[in-house]
Amino acid sequence: MSRPPGRKQENHKISRELFVLTYGALVAQLCKDYEKDEDVNTCLDRMGYGIGVRLIDDFLARSAVKKCRSYSETTDMIAQVAFKMYLGVTPSVSCSSAAGNEFSLILDKNPLVDFVEELPAERSSLCYCNLLCGVIRGALEMVHLAAEVTFLQDRLKGDAVTEIGITFLRKAEDRKHKRN
Amino acid sequence: VGHAVLAINGAEVNGRLTADGKDVLEFLGNPANYPVSIRFGRHRLSSNEKLMLASMFHSLFAIGSQLSPEVGSSGIEMLETDTFKLHCFQTLTGIKFVVLADPRQAGIDALLRKIYEIYSDFALKNPFYSLEMPIRCELFDQNLKLALEVAEKAGPFGPGS
């Protein structure tokens, strides 16, 4: 592939439709490969993880953000900077536990489901956008934050909203000494 | 300390043998071969030596930030000697970029951040590159070279390395 060195602005824009179609093709192929919804979900999560561990450095290099000092700051960063940068949407954030380690991202708009209204009857447990959960999980792991990320609600399944739940698994204070 | 014979009579030496395959010490010991010109210098580091030195630096970096009387110290950012300056930038993901440059060279901070971008583009986005392995990506090398050339021109003095 002969691509000239140095990035030009024009190279950044590709068709949104192509991206959404590609994602749809990926999910469709996985549905052909795996009978059980759980297997497809796991596969999507694993793929997302592989993307997340690489995407995090792109995010940090490009956004030049400072280190987050709390789980709340981290979640805000994901919603307001990362989601905006990569998907062009800004989910709203809410904290769902007194301990301060469980958060929810409510997605009002989600480009990945542009062309999908609801899941087929035989795929009722499919987490169509599970790739996103893997991406978030992989990215957080590379900045030394272990987390569980799952879809708590999904409009595709008939829920009122689409909600991603992030549960941070270690206390924030432990992080300081593990930096190096 | 650390110097070795690099070339004899203009032809590079290969370990203990000259370019023609003769033993170096034997060749130098035979007066019939004089006059002979010998080039001494430091060997370029092999990949293994680089890995070893890098991991030693990694340990020093960790010790540096723990020794700090202030909490939350960043670790070694710069190491200055009379012949070179070592600049180190650690990302939030724990990757360290190390640049050795002339002490008078300016703009290294910008260079380090540029290298981070180049790494995140041409190494990380290459699906055939495995994390933590040596980077053997053509586009990475090309863009890195370009960035170094730009940085050299910006500084008051020549070579970065």
All-but-one check, B:GLU49 against (1) under 16 Å from the mean Cα position of the chain (by Cα); (2) within 12 Å of another protein chain (Cβ to nearest Cβ); (3) assigned to a helix (DSSP H, G or I); (4) not basic (Lys, Arg), failing number (2)
Here is a check on your reading of the model: is B:LEU131 modelled with pLDDT of 90 or more, outside any helix (DSSP H, G or I), at the interface with chain A (Cβ under 9 Å from one of its Cβ atoms) and surrounded by 17 or more Cβ atoms within 10 Å (Cβ to Cβ)? no
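Scan the range B:16-26 residue by residue and report those that are in a helix (DSSP H, G or I) and exposed (fewer than 11 other Cβ atoms within 10 Å of the Cβ).
Of the range B:16-26, the ones in a helix (DSSP H, G or I) are B:24-26.
Once the filter is applied, which keeps residues that are in a helix (DSSP H, G or I) and exposed (fewer than 11 other Cβ atoms within 10 Å of the Cβ), the range B:16-26 yields only B:LEU25.
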Taking the range A:41-66 and the residues there that are free of Cβ contacts under 8 Å to residues at least 12 places away in the same chain and not in a helix (DSSP H, G or I), the one that is nearest to B:SER120 (Cα to Cα) would be A:ALA64
Of A:GLY52, A:GLY100, the only residue that is within 14 Å of another protein chain (Cβ to nearest Cβ) and either surrounded by 14 or more Cβ atoms within 10 Å (Cβ to Cβ) or over 16 Å from the mean Cα position of the chain (by Cα) (or both) is A:GLY52
Here the residues within the range B:41-58 that are surrounded by fewer than 11 Cβ atoms within 10 Å (Cβ to Cβ) and modelled with pLDDT of 80 or more are B:SER46, B:SER47, B:ASN48, B:SER55, B:MET56
**Asked** Among the residues of the range A:79-87, is any in contact with a Lys or Arg (Cβ under 9 Å, 6 or more places away or on another chain) and surrounded by 20 or more Cβ atoms within 10 Å (Cβ to Cβ)?
**Response** no
For the range B:56-101 the number of residues that are within 18 Å of the chain's Cα centre (by Cα), more than 9 Å from chain A (Cβ to nearest Cβ), part of a loop (DSSP other than H, G, I, E, B) and under 29 Å from A:SER63 (Cα atoms) is 2
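Here are B:VAL13, B:VAL36: which of them is in contact (Cβ under 8 Å) with a residue 24 or more places away in the chain and either farther than 25 Å from B:PRO134 by Cα or surrounded by 12 or more Cβ atoms within 10 Å (Cβ to Cβ) (or both)?
Details: B:VAL13 fails: in contact (Cβ under 8 Å) with a residue 24 or more places away in the chain.
Unique residue meeting the criteria: B:VAL36.
Residue-by-condition table, conditions (1) at pLDDT 90 or above; (2) buried (at least 19 other Cβ atoms within 10 Å of the Cβ); (3) more than 14 Å from chain B (Cβ to nearest Cβ):
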| residue | (1), (2), (3) |
| --- | --- |
| A:ALA64 | no, no, no |
| A:SER72 | yes, no, yes |
| A:VAL89 | yes, no, yes |
| A:LEU107 | yes, yes, yes |
| A:TYR128 | yes, yes, yes |
| A:GLU141 | yes, no, no |
| A:ALA146 | yes, no, yes |
| A:LEU156 | yes, yes, yes |
| A:PHE168 | yes, yes, yes |
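Say whether the condition of being under 16 Å from the mean Cα position of the chain (by Cα), of a type outside the set (Phe, Trp, Tyr) and outside any helix (DSSP H, G or I) is met by at least one residue in the range B:108-123.
Taking the range B:108-123 as the starting set, the residues that turn out to be under 16 Å from the mean Cα position of the chain (by Cα) are B:108, B:111-112, B:115.
Imposing the further condition that a residue be of a type outside the set (Phe, Trp, Tyr) reduces the set to B:108, B:111-112, B:115.
Restricting the remaining residues to those that are outside any helix (DSSP H, G or I) gives none.
No.
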Review point. So is A:VAL89 within 17 Å of B:GLU117 (Cβ to Cβ) and in a loop (DSSP other than H, G, I, E, B) or not?
Key: no
Here the residues within the range A:63-111 that are closer than 16 Å to A:VAL149 by Cα and among the β-branched types (Val, Ile, Thr) are A:THR74, A:THR75, A:ILE78, A:VAL93, A:ILE106
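The values are calculated or read from the model by the stated rules, or taken from the named source; none is laboratory data. In this text the structure is predicted, and so the values were computed from the model without any measurement. Cβ coordinates were reconstructed from backbone atoms using ideal geometry, including for glycine residues, and neighbour counts include every protein chain displayed.
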